[in-house]
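*Asks:* Just dropping this structure here.
The values are calculated or read from the model by the stated rules, or taken from the named source; none is laboratory data. Since the structure is predicted, the reported quantities are computational estimates derived from the model, not experimental observations. Don't worry about glycine lacking a Cβ; one is built from the backbone with ideal geometry, like all the others, and counts go over all protein chains shown. Surface areas here come from the heavy atoms of the whole protein model, side chains and all, with no ligands, DNA or RNA. Shrake-Rupley method; radii C 1.70, N 1.55, O 1.52, S 1.80 Å.
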Amino acid sequence: MAEENSKKDGIGMSMKGCQTNNGFVQNEDILEKDLDPGSPATSPQHSALSILGPEEPDLKDVQPYAGMPKEVLFHFSSQARYRVPREVLFWLTVASVLVLTGFTIAIIAISPKCLDWWQAGPMYQIYPRSFKDSNQDGNGDLKGIQDKLDYITTLNIKTVWITSFYKSPLKDFRHGVEDFRDIDPIFGTMKDFENLVAAIHDKGLKLIIDFIPNHTSDKHDWFQKSRNRTGKYTDYYIWHDCLHENGTTIPPNNWLSVYGNSSWHFDEERNQCYFHQFTKEQPDLNFHNPDVQKEIEEIIQFWLAKGVDGFSFEAVKFLLEAKHLRDEAQVNKTQIPDTVTHYSELYHDFTTTQEGMHDIVRSFRQMMDQHSREPGRYRFMGTEAYGDSIDRTMMYYGLPFIQEADFPFNDFLTRLDTPSGNSVFEVITSWMERMPEGKWPNWMLGGSDSARLTSRFGKEYINIMNMLLFTLPGTPITYYGEEIGMGNIVATNLNESYNVDTLLSKSPMQWDNSSNAGFSEGSHTWLPTSSDYHTVNVDVQKTQSTSALKLYQELSLLRADELLLSRGWFCYVRTDGHSVVYTREVDGMDRVFLVVLNFGDSSRLNLNEMISNIPSRVRIRLSTNSANKGSEVDTRAITLDKGEGLLLEYNTKDLLHHQTDSRGRCFVSSRACYSSVLNILHSLC
């Protein structure tokens with residue numbers, strides 16, 4: 001018992017000298033001052049703050065200090081002067097997050113759909129055999145295209161479009177493909193193609209290629225097996241019994257080839273006739289056969305896996321033919337049937353645009369979509385239906401909820417042989433008026449199967465037509481050489497088959513004034529170069545401030561930089577036999593582009609009579625006559641020479657598409673409004 005008391009006394013004595021550990025403080029002198037025995041620090045009340053004190057600490061006179069224990073911290077945190085600011089900051093943070101989240105959602109909700117790569121810039125179509133020869137054999141090739149990619153980028157091109165390069169026995173390479181999975185040796189190897197794809201993508205460009213699903217070459221392995229009735233290949237083509245005696249064939253019906261005469265040809269090995277919409281060396285595939293459709297789908301997937309960004313599907317209106325084989329109606333019913341040999345002499349109701357054809361095109365679209373799931377890798381699909389009416393062409397856009405082509409290629413400007421304001425206006429408005437809502441237009445001035453622009457219109461119209469091309473809504477498409485004003489060659493004794501007229505627009509690209517226009521260092525070229533290549537070439541024009549090439553570059557750059565051209569409304573103001581006048585406008589912008597193009601002889605226009613509230617003087621942003629660039633003109637009397645075009649700029653808040661009497665004359669492809677306050681595009685127009 002005495003021992004236990006002794007222990008208690010020891011503990012009690014040791015606690016008397018204990019003091020609260022206030023942790024680290026700035027002014028230790030205050031806490032370490034001498035304490036006399038009667039001070040509060042040595043009093044029994046003070047000992048209550050000891051570790052073993054059973055009572056709650058008295059914190060009434062204690063101030064916050066660094067290193068305070070949690071009991072002290074909790075005491076102060078519950079006080080209003082500390083709690084209220086903390087809660088205010090918390091709820092401000094929550095409110096800020098909610099506001100920013102809501103603002104982001106609102107911006108996304110009201111933002112218009114971004115333009116895709118095939119909408120954002122021009123396409124440049126290349127006929128590979130005529131662009132650049134890299135191995136001195138006189139034929140352009142894939143390596144030659146790769147060597148000239150830097151030039152293509154100077155044109156502000158976004159998409160390179162290469163026409164058919166597949167292995168083919170045909171001299172003109174008019175789509176008679178022998179092997180869809182191989183490169184013709186004239187153009188190089190598959191490794192050359194892979195290198196070209198990589199180089200195009202490294203430049204920030206996209207690549208689309210031609211694909212011709214309708215027919216093959218008669219040298220194709222499928223056709224050889226079909227002739228022999230080998231397994232599933234027996235019905236890969238369209239065969240039918242026909243009479244053949246003494247070298248004369250009596251076909252199953254009166255169907256004609258595009259190139260004239262019967263579209264049926266007798267095959268001695270199979271002892272039947274096969275159908276060909278084009279030449280007899282190009283037998284049509286039987287798309288009623290599911291195995292054929294599967295083969296074509298696998299070929300498309302093969303090239304998509306190679307990195308191709310899209311396709312131009314050629315001759316799609318010929319994919320299906322009627323199974324009943326009835327004769328097609330004659331245009332001139334009084335004509336003797338045996339004399340009907342030209343394609344234009346029949347209505348082709350049973351051999352073009354048959355029921356089910358658009359289903360096949362939609363299946364192509366589905367494959368494109370399957371390979372478009374990776375961000376930034378949308379696969380483009382265009383269709384070629386040259387010769388169709390504009391109403392039938394519009395069908396390739398698809399239905400409101402069933403998409404087909406991103407756009408069918410618009411070749412209607414290439415069909416014009418003489419320039420006039422009325423004819424150009426008719427092409428523009430007929431497309432814009434018939435195009436389904438929300439779809440995207442495109443415009444091309446030439447192509448591999450049509451005469452060049454300068455050969456149709458004249459050299460004085462190259463600048464005005466390029467100005468038209470880049471100031472219309474939609475995607476501009478340029479056939480190689482159009483940027484410098486190349487024309488058809490005047491050639492005789494061309495050592496090629498098929499339509500000679502289309503060969504005249506395939507002459508070698510004119511790079512400089514050296515031998516063969518810089519196209520080839522070989523001793524010959526597959527087609528002769530144009531006689532004007534000494535003055536009409538890239539090397540000369542890139543140093544001339546007044547050249548067609550310089551204006552082309554300025555126009556393409558302006559389109560890339562200006563919302564008015566890439567997203568704006570198109571409102572036509574006036575058209576007649578001489579001139580076309582239209583504006584480009586965007587909601588929310590008080591600037592307007594006014595395009596004035598003169599296709600006739602020299603004329604004078606009074607724009608004040610056409611447009612209300614137009615300033616009396618406006619600035620020339622671009623002109624086909626470079627001397628006028630940046631100057632001002634009097635809108636009451638603008639004089640334009642033959643083939644002259646002006647891109648005028650002025651400020652106004654009275655936009656034409658807002659005016660009641662102008663609404664029927666205004667069109668927009670991808671509507672967007674501009675907010676000058678936020679510097680963004682939105683859809684709340």
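*Asks:* Please determine, by comparing only the residues of the stretch 399-428 that are open to solvent by less than 10 Å² (accessible area, probe 1.4 Å) and over 22 Å from the mean Cα position of the chain (by Cα), which one is farthest from SER505 (Cα to Cα).
*Replies:* The extreme case among them is GLY421.
*Asks:* Of all residues in the stretch 316-339, how many are β-branched (Val, Ile, Thr) and buried (at least 17 other Cβ atoms within 10 Å of the Cβ)?
*Replies:* Of the residues in that region, 1 qualify.
*Asks:* Filter the stretch 219-230 down to the residues that are open to solvent by 20 Å² or more (accessible area, probe 1.4 Å) and part of a loop (DSSP other than H, G, I, E, B), then identify the one that is nearest to PRO128 (Cα to Cα).
*Replies:* Looking at residues that are open to solvent by 20 Å² or more (accessible area, probe 1.4 Å) and part of a loop (DSSP other than H, G, I, E, B), I get LYS219.
*Asks:* Being among the basic types (Lys, Arg) and modelled with pLDDT under 95 is the filter; apply it to the stretch 352-384 and report the residue that is surrounded by the fewest Cβ atoms within 10 Å (Cβ to Cβ). Step through it out loud before you land on a result.
*Replies:* We begin by selecting, within the stretch 352-384, every residue among the basic types (Lys, Arg); these are 362, 365, 373, 377, 379.
Still in the running and modelled with pLDDT under 95: 373, 377.
Details: ARG373: 9, ARG377: 13.
Ranking the candidates gives ARG373 first.
*Asks:* Return only the number of the condition from (1) open to solvent by less than 60 Å² (accessible area, probe 1.4 Å); (2) in a loop (DSSP other than H, G, I, E, B); (3) over 24 Å from PHE275 (Cβ atoms); (4) hydroxyl-bearing (Ser, Thr, Tyr) that THR393 does not satisfy.
*Replies:* (2)
*Asks:* Just one of ASP349, ASP309 is open to solvent by 30 Å² or more (accessible area, probe 1.4 Å), of a type outside the set (Phe, Trp, Tyr) and closer than 29 Å to GLY447 by Cβ; which is it?
*Replies:* ASP349
*Asks:* Could you check the stretch 573-685 for strands (runs of 3 or more DSSP E) lying wholly inside it with 3 or more residues that are in contact with a helix residue (DSSP H, G or I) (Cβ under 8 Å, 6 or more places away or on another chain) and either open to solvent by less than 10 Å² (accessible area, probe 1.4 Å) or over 30 Å from ARG434 (Cα atoms) (or both)? Working first, answer last.
*Replies:* Values: elements: 579-585, 591-598, 603-605, 617-623, 632-634, 638-640, 645-651, 673-675, 680-682.
Result: 579-585, 591-598, 617-623, 645-651.
*Asks:* Let me ask you something else. Name the pairs whose Cβ atoms lie under 7 Å apart, with the first residue in the stretch 210-228 and without any contact (Cβ under 8 Å) to a residue 12 or more places away in the chain, the second not in a loop (DSSP other than H, G, I, E, B), and 6 or more positions between them or separate chains?
*Replies:* Cβ pairs passing all conditions: LYS225/TYR233.
*Asks:* Only one residue in SER134, SER130, SER164 is in contact with an Asp or Glu (Cβ under 7 Å, 6 or more places away or on another chain), under 21 Å from HIS524 (Cβ atoms) and polar (S, T, N, Q), so which one is that?
*Replies:* The match here is SER134.
*Asks:* Could you list, in sequence order, the residues of the stretch 105-124 that are closer than 30 Å to THR154 by Cα and either without any contact (Cβ under 8 Å) to a residue 40 or more places away in the chain or open to solvent by 50 Å² or more (accessible area, probe 1.4 Å) (or both)?
*Replies:* Answer for the stretch 105-124, where residues must be closer than 30 Å to THR154 by Cα and either without any contact (Cβ under 8 Å) to a residue 40 or more places away in the chain or open to solvent by 50 Å² or more (accessible area, probe 1.4 Å) (or both): LYS113, CYS114.
*Asks:* Further question: Considering only helices (runs of 4 or more DSSP H) fully contained in the stretch 428-536, which possess at least 3 residues that are not hydroxyl-bearing (Ser, Thr, Tyr)?
*Replies:* In the stretch 428-536, the matching helices (runs of 4 or more DSSP H) lie at 462-471, 500-503.
*Asks:* From the list GLY138, GLY144, GLY176, GLY188, exactly one residue is touching a Ser or Thr at 6+ places or on another chain (Cβ under 7 Å), of a type outside the set (Asp, Glu), crowded, with 21+ Cβ neighbours inside 10 Å and modelled with pLDDT of 95 or more. Which is it?
*Replies:* GLY144
*Asks:* Restricting the stretch 289-306 to residues that are touching a residue at least 40 places away in the same chain (Cβ under 8 Å) and farther than 30 Å from GLY204 by Cα, which is least open to solvent (accessible area, probe 1.4 Å)?
*Replies:* Top of the filtered list is VAL292.
*Asks:* Have a look at LEU564, LEU555 and point out the one that is within 30 Å of SER514 (Cβ to Cβ), touching a Phe, Trp or Tyr at 6+ places or on another chain (Cβ under 6 Å) and of a type in the set (A, V, I, L, M, F, W, C). I'd like the intermediate steps shown before the answer.
*Replies:* Values: LEU564 fails: within 30 Å of SER514 (Cβ to Cβ).
One residue alone meets the criteria, LEU555.
*Asks:* Quick one: is THR216 open to solvent by less than 60 Å² (accessible area, probe 1.4 Å), hydroxyl-bearing (Ser, Thr, Tyr), touching a helix residue (DSSP H, G or I) at 6+ places or on another chain (Cβ under 8 Å) and over 20 Å from THR279 (Cα atoms)?
*Replies:* no
*Asks:* Considering only the stretch 231-254, state which residues are exposed (fewer than 13 other Cβ atoms within 10 Å of the Cβ) and either closer than 18 Å to VAL292 by Cβ or not hydroxyl-bearing (Ser, Thr, Tyr) (or both). Step through it out loud before you land on a result.
*Replies:* Restricting attention to the stretch 231-254, the residues satisfying the condition of being exposed (fewer than 13 other Cβ atoms within 10 Å of the Cβ) are 231, 241, 243, 245-248, 250.
Across the stretch 231-254, the qualifying residues are GLY231, ASP241, LEU243, GLU245, ASN246, GLY247, ILE250.
*Asks:* For the structure I just gave you, tell me whether SER134 is closer than 21 Å to VAL500 by Cα, among the polar types (S, T, N, Q) and either assigned to a loop (DSSP other than H, G, I, E, B) or touching a His at 6+ places or on another chain (Cβ under 8 Å) (or both). Reasoning before the result, please.
*Replies:* Values: closer than 21 Å to VAL500 by Cα: no; among the polar types (S, T, N, Q): yes; either assigned to a loop (DSSP other than H, G, I, E, B) or touching a His at 6+ places or on another chain (Cβ under 8 Å) (or both): yes.
So SER134 fails the test.
*Asks:* Here's something else I'd like to know. Looking only at the stretch 77-104, which residues are modelled with pLDDT of 90 or more, of a type in the set (A, V, I, L, M, F, W, C) and open to solvent by 70 Å² or more (accessible area, probe 1.4 Å)?
*Replies:* Those that are modelled with pLDDT of 90 or more, of a type in the set (A, V, I, L, M, F, W, C) and open to solvent by 70 Å² or more (accessible area, probe 1.4 Å): VAL88, LEU89, PHE90, TRP91, LEU92, VAL97, LEU98, VAL99, LEU100.
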